[in-house]
Structure formats: C-alpha cells, structure tokens
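Here's the structure we're looking at; comments come further down.
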Amino acid sequence: MRILAIDTATESCSAALLLDERILTRDRELARGHAEHILPMIDGLLAEGGVALAALTAIAFGRGPGAFTGVRLAASVTQGLAFGAGLPVVPISDLRALAQRALESDPTVDRVLVCTDARMHEVYWGCFARAPDGRAGLVGDEQVGDPARVRLPEGWHSTAQARAGRPDSTEALDARLCAAGSGFAAYPQLGLTVAAGAHSILPGLLPHAREIATLAAAEVAAGRMRPPEEALPVYLRDDVTRPGPVSP
C-alpha cells in the first residue's frame, strides 16, 4: 500500500508518504505560505521513497474543518495530482486526524474531545473514541459553534467527574479522556468546564499528515476511495463573514 497524505488546514503544513509499514514525513509550522511549501514537500517525499506519483495507491488529504484557504489548498492540490496520475482520493477529517494524534501520543487515552479555534468566537469540535483497531472513531457529529455549547457525549460525563474526584460518579474508570486542539488555548474556559477532570489537555496539538495517512490506510483497505473530482473541502461553517451569537 502506497499512500501520499497532505494537510494544510492549520499552521501545520505537512506531507507524509506511507510505503507499506514505513512512513516518511515532512512538516513546517507556518503563519502563511503553505502553497509555496507543500509541493516541494511532496516532491521530496517521492524522491526519498523512490516511488513515482502514478505508482501510488491513493492520495489522502485533510479535508477540514480548518482555515478556509488552507482547506481549499489541500483539496485542490490533491485533486490536481490525482487527476494527473489517475489515482483515487481519500478525504480525512482534520478533527479526526488530531484525535488520532492524541491517541497515539498516549496509549492510556481512550477518548478525545477535539476543539480547534474556528475564529469569530467559535470552535470546530468533535468527540472521538479509540476503536478496537486503535483508530479514532467519531462519536456523534462534527460541529462548529459557540464554545459554551460544546458537550461531551452521554456517558462520558461521569468518567470526567470521577477523574475530578467527585464521589457521585458510578461509571468505572475504564476510559481516559484527553482534550486536544487550539480551541483550548483560545478559550481556556473549555478546560475548566466541559473538559474538567480530563486526563490531559493538549492545546498546542495540531493535525498532521502522518495520522491522515494512518487513517486513510484503513479506508483504502476497505475500498472506500473516491474519484479525484470528489476531493472536496469540508468547512462545517458556510457563512464565513458573520459570526454566530456569543454567549455572555
């Protein structure tokens, strides 16, 4: 299996090349200028791996949510490369990729609340649980909105309460919650309310192409690939100019 993965949805501009059991990576944190770096990263990976673009199995990309120009860039680069090489594509959620990174950083963590800064007083967020194969699986829906409306799924609250030392919890501590993403840096109250009692909070963690490649491998193995024209961004928020209501 040979998968090229790219991500430009956040400050992290990254690319990864999965060659069966081996993975090669390139990454830089940039305030801007992702378009100038992503193609040289891809060329460098292909040269290092000794593989031609047309010889790949698929191209995976971070389809968002994230910075609008960054999400569009990853989708358009993927679409162009895939059309030119006749390859299928695999869109991967950036929230899920971030959750996967959190899971891989700590094997004792089983649940991840991901919140990333969506600007305009909002966050992109989603809840993920470790599946039997070790990959992050979405629980509920990915959402965008007021940080005050972020909620843990039913059944996760008592675990968080018990972690905080509250005696009213009856759920066994068989899962550890990690909170990850730039939303916790932008809105510290999230760590004091919805993520209270979390095993860890990682406000500086960003999605990376390495985890996108890891998640895409399972999709490719299951035959869940798409034609190049379906390399499309997912924004979650359609209106990019008007913020929603802000809680007091």
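Given R242, R237, which one is modelled with pLDDT under 90, of a type in the set (D, E, K, R), farther than 20 Å from F83 by Cβ and open to solvent by 60 Å² or more (accessible area, probe 1.4 Å)?
Details: R237 fails: open to solvent by 60 Å² or more (accessible area, probe 1.4 Å).
It is R242.
Restricting the search to the stretch 38-65, which residues are without any contact (Cβ under 8 Å) to a residue 60 or more places away in the chain and not hydrophobic (A, V, I, L, M, F, W, C)?
Once the filter is applied, which keeps residues that are without any contact (Cβ under 8 Å) to a residue 60 or more places away in the chain and not hydrophobic (A, V, I, L, M, F, W, C), the stretch 38-65 yields P40, D43, G44, E48, G49, G50.
Can you give me the number of residues within the stretch 10-22 that are of a type in the set (S, T, Y) and either open to solvent by 90 Å² or more (accessible area, probe 1.4 Å) or under 17 Å from I59 (Cβ atoms) (or both)? First the steps, then the outcome.
Start the filter on the stretch 10-22 by keeping residues that are of a type in the set (S, T, Y), which leaves 10, 12, 14.
Filter once more, so that each one left must be either open to solvent by 90 Å² or more (accessible area, probe 1.4 Å) or under 17 Å from I59 (Cβ atoms) (or both): 14.
Number satisfying all stated conditions: 1.
Are any residues in the stretch 23-35 more than 12 Å from I6 (Cβ to Cβ) and either open to solvent by less than 50 Å² (accessible area, probe 1.4 Å) or modelled with pLDDT of 95 or more (or both), and if so, which ones?
The first filter runs over the stretch 23-35 and keeps only residues more than 12 Å from I6 (Cβ to Cβ), leaving 23-24, 28-33.
Selection gives I23, L24, L30, G33.
Kindly indicate which of L103, L152, L95, L113 is buried (at least 17 other Cβ atoms within 10 Å of the Cβ) and over 17 Å from the mean Cα position of the chain (by Cα).
Working: L103 fails: over 17 Å from the mean Cα position of the chain (by Cα); L95 fails: over 17 Å from the mean Cα position of the chain (by Cα); L113 fails: over 17 Å from the mean Cα position of the chain (by Cα).
On inspection, the qualifying residue turns out to be L152.
Of everything in the stretch 104-131, what is hydrophobic (A, V, I, L, M, F, W, C) and in contact (Cβ under 8 Å) with a residue 40 or more places away in the chain? Give them in sequence order.
Going through the stretch 104-131, the residues hydrophobic (A, V, I, L, M, F, W, C) turn out to be 109, 112-115, 118, 120, 123, 125, 127-129, 131.
Listed by number, the residues that qualify are V109, V112, L113, V114, C115, A118, M120, V123, W125, A129.
Spot the failing condition for M120; the list is (1) open to solvent by 50 Å² or more (accessible area, probe 1.4 Å); (2) hydrophobic (A, V, I, L, M, F, W, C); (3) assigned to a loop (DSSP other than H, G, I, E, B), and only one is missed.
Every listed condition holds for M120 apart from (1).
Looking at G134, G80, G84 in this structure, which one is on the phi > 0 side of the Ramachandran plot and of a type outside the set (S, T, Y)? Spell out how you get there, then give the answer.
Numbers: G80 fails: on the phi > 0 side of the Ramachandran plot; G84 fails: on the phi > 0 side of the Ramachandran plot.
Within the list G134, G80, G84, the selection yields G134.
The values are calculated or read from the model by the stated rules, or taken from the named source; none is laboratory data. The structure presented is a predicted model; accordingly, all values stated were derived computationally and were not measured. Because the Cβ atoms are built from the backbone with ideal geometry, glycine has one as well, and the counts that use them run over all protein chains shown. Side chains are part of the model used for accessible areas, which takes the heavy atoms of the whole protein and leaves out ligands, DNA and RNA. Shrake-Rupley method; radii C 1.70, N 1.55, O 1.52, S 1.80 Å.
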